[in-house]
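> Questions regarding the structure given below will be posed in turn.
The values are calculated or read from the model by the stated rules, or taken from the named source; none is laboratory data. Nothing here was measured: the structure is a model prediction, and the numbers come from that model. No Cβ is skipped: glycine too gets one built from the backbone with ideal geometry, and neighbour counts run over all protein chains shown.
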Amino acid sequence: MEKRKHRLTWFDCLLLLILLALVAGTCLKFFGREYTSLSNEETNFTYRMKLFGATDFVTEALQVGDSVYDGSLNSNVGVIEHIEITPAETEVTRSDGTIAIGTDASRNDVVLTICASGQEIEAGYRLGDYKITDTLSDVFYTKYVLWYGTITSID
Amino acid sequence: MDSKMFKIRPNFFDVLLIALVLIVVLAAYFISRGNDGDEKNRRSYTVELMDILDQNVDKVAVGDTVIDKVKNLDMGVVTDIEVQPAMTTQLDEDTMVLQQVPLEGYSSVILTIESTTTETEYSINTTSGYLIRIGVEVYCAAGALEAGGYLTGIAR
């Protein structure tokens, strides 16, 4: 009886290559980011973000300890450390048509102090692909609430 | 013509490699699916529908299904309804404060909606895919009422 030989053919080599590519792709997808972040030196920093004229329901939904994400790249941009609420200042028009600064009783100006960890760059900090810079305005959110905020200072 | 030419006879290595490829593909699928950290819950949240004509406030009832009219997604079922006077702002020129005053003929309808949700560490969605997040603008239909407003609260 003829004995069957197990020979490696070109088709086996092709399948092996596909397998290796799949394994490499899987590793890059799930472990690539961690590897890159290790090569960058990260420092802790805090920054202040102001919400101009936030409604009561947005103000009440902000909580110390909640993680904040940016609305452009959906990166984690830190954790709320402190919340300061003041009545919202706004431009108002008097009956004679002149404009003055007044207060809106139904809205609040909110200043969030956010603690984050990122790589220092010339204009601020880089958190992954997202850059935190002074005067940056963007949509931000936590798991529970969405708002439009402006970064007013970085420590 | 020789019929043997068209016979495919996979050898031991072929079978082994195909099995390995299948294992890797399945593992990648299950890892990526598990990575979302989805968790199913029942959640209550509130939506404030603004500036509704007074005669239309009773067009929604407890038990009605709420549909997001932007993406046509199921938002859940109404479990409670609160009707308040609609408000507008008016400047008090002595104090320079914009005060809230009632808007004649209009109401705000606050719907409490309950839905089954999937949650991650950064989002809450109904099982239909509707994003539940306070501050998001809403345009929805509930019963015979169709109106816009904001998502104003989520039970934590």
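> In segment A:92-121, which residue that is among the polar types (S, T, N, Q) and under 16 Å from residue A:150 (Cα atoms) is surrounded by the fewest Cβ atoms within 10 Å (Cβ to Cβ)? Spell out how you get there, then give the answer.
Narrowing segment A:92-121 to residues among the polar types (S, T, N, Q): A:93, A:95, A:98, A:103, A:106, A:108, A:113, A:117, A:119.
Retained after the next criterion (residues that are under 16 Å from residue A:150 (Cα atoms)): A:108, A:113.
Values: A:108: 20, A:113: 17.
Ranking the candidates gives A:113 first.
> Also, I was wondering about something else. Here is a list of conditions, (1) more than 14 Å from the chain's Cα centre (by Cα); (2) surrounded by 15 or more Cβ atoms within 10 Å (Cβ to Cβ); (3) within 14 Å of another protein chain (Cβ to nearest Cβ), and residue A:124 meets all of them except one; can you say which number that is?
(3)
> So which residues in segment B:46-66 are aliphatic (A, V, I, L, M) and in contact with a Ser or Thr (Cβ under 9 Å, 6 or more places away or on another chain)?
B:47, B:49, B:50, B:52, B:53, B:57, B:62, B:66
> Working carefully through the options A:102, A:65, A:97, find the one that is over 19 Å from residue A:47 (Cβ atoms) and more than 10 Å from every other protein chain (Cβ to nearest Cβ).
After ruling out the rest, the residue left standing is A:97.
> Based on this model, can you work out whether residue A:135 counts as without any contact (Cβ under 8 Å) to a residue 40 or more places away in the chain and either more than 10 Å from chain B (Cβ to nearest Cβ) or aliphatic (A, V, I, L, M) (or both)?
Details: without any contact (Cβ under 8 Å) to a residue 40 or more places away in the chain: yes; either more than 10 Å from chain B (Cβ to nearest Cβ) or aliphatic (A, V, I, L, M) (or both): yes.
Yes: the conditions hold for residue A:135.
> Of these, B:151, B:145, which one is within 11 Å of chain A (Cβ to nearest Cβ) and surrounded by 19 or more Cβ atoms within 10 Å (Cβ to Cβ)?
From the options B:151, B:145, the qualifying one is B:151.
> Within segment B:109-132, count every residue that is within 12 Å of another protein chain (Cβ to nearest Cβ), in contact (Cβ under 8 Å) with a residue 12 or more places away in the chain and surrounded by fewer than 21 Cβ atoms within 10 Å (Cβ to Cβ).
5
> Looking at segment B:43-81, which of its residues are within 14 Å of chain A (Cβ to nearest Cβ) and not small (Gly, Ala, Ser)?
If the condition is that a residue be within 14 Å of chain A (Cβ to nearest Cβ) and not small (Gly, Ala, Ser), then B:43, B:45, B:46, B:47, B:48, B:49, B:50 are the ones that fit.
> Under the condition of being among the β-branched types (Val, Ile, Thr) and part of a loop (DSSP other than H, G, I, E, B), which residue from segment B:55-97 is nearest to residue B:129 (Cα to Cα)?
B:70
> If you go through segment B:110-146, how many residues are touching an Asp or Glu at 6+ places or on another chain (Cβ under 8 Å), of a type in the set (Gly, Ala, Ser) and either in a strand (DSSP E or B) or under 18 Å from residue B:62 (Cβ atoms) (or both)?
Residues that pass the stated criteria total 3.
> Turning to a different aspect of this structure: I'd like to verify a number: residues in segment A:58-91 that are exposed (fewer than 13 other Cβ atoms within 10 Å of the Cβ), part of a strand (DSSP E or B) and modelled with pLDDT of 95 or more, how many?
Qualifying residue count, segment A:58-91: 3.
> More than 30 Å from residue A:75 (Cα to Cα), more than 8 Å from chain A (Cβ to nearest Cβ) and among the β-branched types (Val, Ile, Thr): is that true of residue B:97 in this structure?
In short, no.
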